[in-house]
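Heads up: the structure comes next, in structure tokens.
The values are calculated or read from the model by the stated rules, or taken from the named source; none is laboratory data. Please read these numbers as outputs of a predicted model, since none were measured by experiment. Backbone-built Cβ (ideal geometry, glycine too); neighbour counts: all protein chains shown.
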Amino acid sequence: MSYTPPDSVVVNRIQRAFPSDELRERVRATNLVERQRKLNIVALFYTLAFGFSAGSDRTLQAFLERYVEMADCDKLSYASFHDWFEPGFVALLREILDDAIENLDTGRRDLNGRLERFRDVLIADSTIVSLYQDAADVYAATGDDQAELKLHLTESLSTGLPTRYQTTSGKTHDRSQLPTGEWVADALILLDLGFYDFWLFDRIDQNGGWFVSRVKDNANFEIVEELRTWRGNSIPLEGKSLQAVLDDLHRQEIDVRITLSFDRKRGSSASTTRTFRLVGLRNAESEEYHLYLTNLQRDDYRAPDIAQLYRARWEVELLFKELKLRFGLDEINTTDAYIIEALIIMAAISLMMSRVIVDELRELEAQQRKTTAAADADESASRLPRRRCSLAVERHAHLIQLYLMLELGYELPDLDELLLWASQNPNPHRDRLCRQVESGEFAFDRH
């Protein structure tokens with residue numbers, strides 16, 4: 001008699017987020033199944049998704065064993081499994097990820113306080129993933145004899161999830177991976193120096209978006225207007241260049257309008273000039289200014305507000321840390337370009353899967369609190385911090401996959417046969433070599 005697990009709202013939520021029928025329909029639109037007869041896209045997708053959350057062993061061999069557990073096909077060899085990771089499969093995973101980024105319904109939190117006027121706050125950044133040196137032909141690094149992949153990501157502050165997710169070689173400049181367009185309208189874009197580009201600032205402004213960017217140390221804008229006046233013998237700034245006065249200033253903050261010039265179009269010799277706002281906050285310890293460029297108006301955001309807005313960039317650093325530490329982004333143990341790309345994509349999908357589960361857990365906990373009549377005001381807030389929930393999902397990912405497998409109608413594998421299969425030596429010739437060293441005769445070719 002087969003085992004039937006109890007109903008789980010988490011399992012139901014996973015199926016709504018990544019429906020098995022939709023996965024089968026996607027793979028039918030390709031020729032993957034015809035070429036790879038043992039490929040079960042549902043089993044493989046959930047194996048990869050939860051395999052990234054299930055611990056430190058994220059090798060292809062570990063994924064193969066988890067797939068066999070779910071799909072119950074112990075005749076599948078490592079070589080055959082390896083061959084599944086080809087361009088068509090990578091494109092399928094990319095399609096699933098792009099659709100999830102566009103449509104996945106996760107718990108969006110309202111932006112309040114300084115952020116409430118924005119449709120969203122979007123944080124652009126990149127991180128380097130070190131690879132084996134033999135992958136350098138595809139993923140060239142800035143240094144010699146190295147291989148690096150660069151992950152370009154834009155995070156939504158309201159969802160904590162990527163809105164853009166692209167990979168390139170380590171040499172690719174950040175700016176080239178951030179297109180502009182209507183997607184910036186009514187959103188605040190936070191940019192570090194990797195995106196320091198006057199043309200980009202202009203495009204964001206022209207498309208109805210807002211930006212805050214750090215300023216390069218050697219920037220030397222012309223100051224055309226002071227937005228805050230100071231009492232006493234303060235140094236007048238209007239008509240001066242920034243570098244000419246910066247070392248002589250001791251005021252707590254700088255708030256001025258500046259002009260900057262840039263090419264009107266990429267590769268064009270025609271230039272144009274724009275006026276933006278420059279804000280600076282003096283650091284009491286270093287006695288230096290932290291400078292920011294923005295198109296936000298002083299009436300809405302004073303200089304300290306601009307600095308506070310920029311601090312939200314730390315969220316993308318936490319996201320990269322989560323991807324690397326909990327979803328194995330730094331554990332790419334292969335030189336195969338298609339496997340590398342597949343694993344990078346699956347790390348993002350696993351992250352989104354985890355967020356779906358966390359949001360469902362928080363919703364379940366909120367419903368349980370509502371039914372507790374004795375709950376007082378102190379108990380109204382959630383007791384399930386998102387990051388702690390994410391850790392719980394990671395620890396129990398294998399069990400979640402088991403529940404999901406049973407819910408989808410898969411049967412538990414024969415445990416004895418599974419362990420026998422997983423214990424087989426993939427390199428039996430090594431044992432023969434040991435026996436030959438121990439007792440074999442040494443043949444010497446005299447010719």
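Can you list residue pairs whose Cβ atoms sit under 9 Å apart, with the first residue in the stretch 221-242 being closer than 21 Å to Phe262 by Cβ and the second being in a strand (DSSP E or B) and of a type in the set (Gly, Ala, Ser)? Count only pairs 6 or more apart in sequence or on different chains.
Phe221/Ser241; Glu222/Ser241; Ile223/Ser241
Of the residues Trp230, Trp183, Trp199, only one is part of a loop (DSSP other than H, G, I, E, B) and of a type outside the set (Gly, Ala, Ser); which? Reasoning before the result, please.
Details: Trp183 fails: part of a loop (DSSP other than H, G, I, E, B); Trp199 fails: part of a loop (DSSP other than H, G, I, E, B).
Step by step, each of Trp230, Trp183, Trp199 is checked, and only Trp230 is part of a loop (DSSP other than H, G, I, E, B) and of a type outside the set (Gly, Ala, Ser).
For the stretch 365-378, does any single residue satisfy the condition of being of a type in the set (S, T, N, Q), assigned to a helix (DSSP H, G or I) and at pLDDT below 90?
If we filter the stretch 365-378 for residues that are of a type in the set (S, T, N, Q), which is where we start, we get 367-368, 371-372.
Those still in the list that are assigned to a helix (DSSP H, G or I) too: 367-368.
Cutting the leftovers down to at pLDDT below 90 gives us 367-368.
Checked against the condition, which is being of a type in the set (S, T, N, Q), assigned to a helix (DSSP H, G or I) and at pLDDT below 90, the stretch 365-378 yields at least one hit.
In the list Leu188, Leu237, which residue meets the criterion of being in contact with a strand residue (DSSP E or B) (Cβ under 9 Å, 6 or more places away or on another chain), surrounded by 13 or more Cβ atoms within 10 Å (Cβ to Cβ) and either modelled with pLDDT under 95 or not in a strand (DSSP E or B) (or both)? Quick ask: steps written out before the conclusion?
Working: Leu188 fails: either modelled with pLDDT under 95 or not in a strand (DSSP E or B) (or both).
Going through Leu188, Leu237 in turn, the sole match is Leu237.
Working only within the stretch 112-133, note down all residues that are within 20 Å of Thr154 (Cα to Cα) and in contact with a helix residue (DSSP H, G or I) (Cβ under 9 Å, 6 or more places away or on another chain).
Across the stretch 112-133, the qualifying residues are Leu115, Val121, Leu122, Ile123, Ala124, Asp125, Ser126, Thr127, Val129.
Step by step: first the residues of the stretch 100-111, then only those that are touching a helix residue (DSSP H, G or I) at 6+ places or on another chain (Cβ under 9 Å) and not β-branched (Val, Ile, Thr), then the one that is surrounded by the most Cβ atoms within 10 Å (Cβ to Cβ). Which residue is that?
Of the residues in the stretch 100-111, the ones touching a helix residue (DSSP H, G or I) at 6+ places or on another chain (Cβ under 9 Å) are 100-101, 104-107.
Remaining after also requiring not β-branched (Val, Ile, Thr): 100, 104-105, 107.
Values: Ala100: 20, Leu104: 17, Asp105: 11, Gly107: 15.
Among those that are touching a helix residue (DSSP H, G or I) at 6+ places or on another chain (Cβ under 9 Å) and not β-branched (Val, Ile, Thr), it is Ala100.
Just to be sure before I move on: is Val224 touching a Phe, Trp or Tyr at 6+ places or on another chain (Cβ under 7 Å) and assigned to a strand (DSSP E or B) in the structure I sent? Explain how you work it out, then say what you get.
Numbers: touching a Phe, Trp or Tyr at 6+ places or on another chain (Cβ under 7 Å): no; assigned to a strand (DSSP E or B): yes.
Taking the combined requirement at face value, the residue does not satisfy it.
Could you please find all residues in the stretch 92-107 being within 11 Å of Ile345 (Cα to Cα) and free of Cβ contacts under 8 Å to residues at least 40 places away in the same chain? Break it down into steps so the answer makes sense when it comes.
Start the filter on the stretch 92-107 by keeping residues that are within 11 Å of Ile345 (Cα to Cα), which leaves 92-98.
Hit for the stretch 92-107 is Asp98, nothing else.
Just checking, does the stretch 230-253 include any residue being at negative phi, under 34 Å from the mean Cα position of the chain (by Cα) and of a type outside the set (Ser, Thr, Tyr)? Can you show your working first?
Going residue by residue through the stretch 230-253, those that are at negative phi are 230-231, 233-238, 240-253.
When the remaining residues are screened for being under 34 Å from the mean Cα position of the chain (by Cα), the result is none.
Checked the stretch 230-253: no residue is at negative phi, under 34 Å from the mean Cα position of the chain (by Cα) and of a type outside the set (Ser, Thr, Tyr).
Considering only the stretch 273-287, I want to know if a residue exists there that is hydroxyl-bearing (Ser, Thr, Tyr), over 30 Å from Arg387 (Cβ atoms) and in a strand (DSSP E or B).
If we filter the stretch 273-287 for residues that are hydroxyl-bearing (Ser, Thr, Tyr), which is where we start, we get 273, 275, 286.
Still in the running and over 30 Å from Arg387 (Cβ atoms): 273, 275, 286.
Next, from what is left, pick out any that are in a strand (DSSP E or B): 273, 275.
Yes, there is a match, as at least one residue in the stretch 273-287 is hydroxyl-bearing (Ser, Thr, Tyr), over 30 Å from Arg387 (Cβ atoms) and in a strand (DSSP E or B).
Looking only at the stretch 147-175, count how many residues are closer than 25 Å to Thr335 by Cα, part of a loop (DSSP other than H, G, I, E, B) and of a type in the set (Val, Ile, Thr).
Qualifying residue count for the region: 1.
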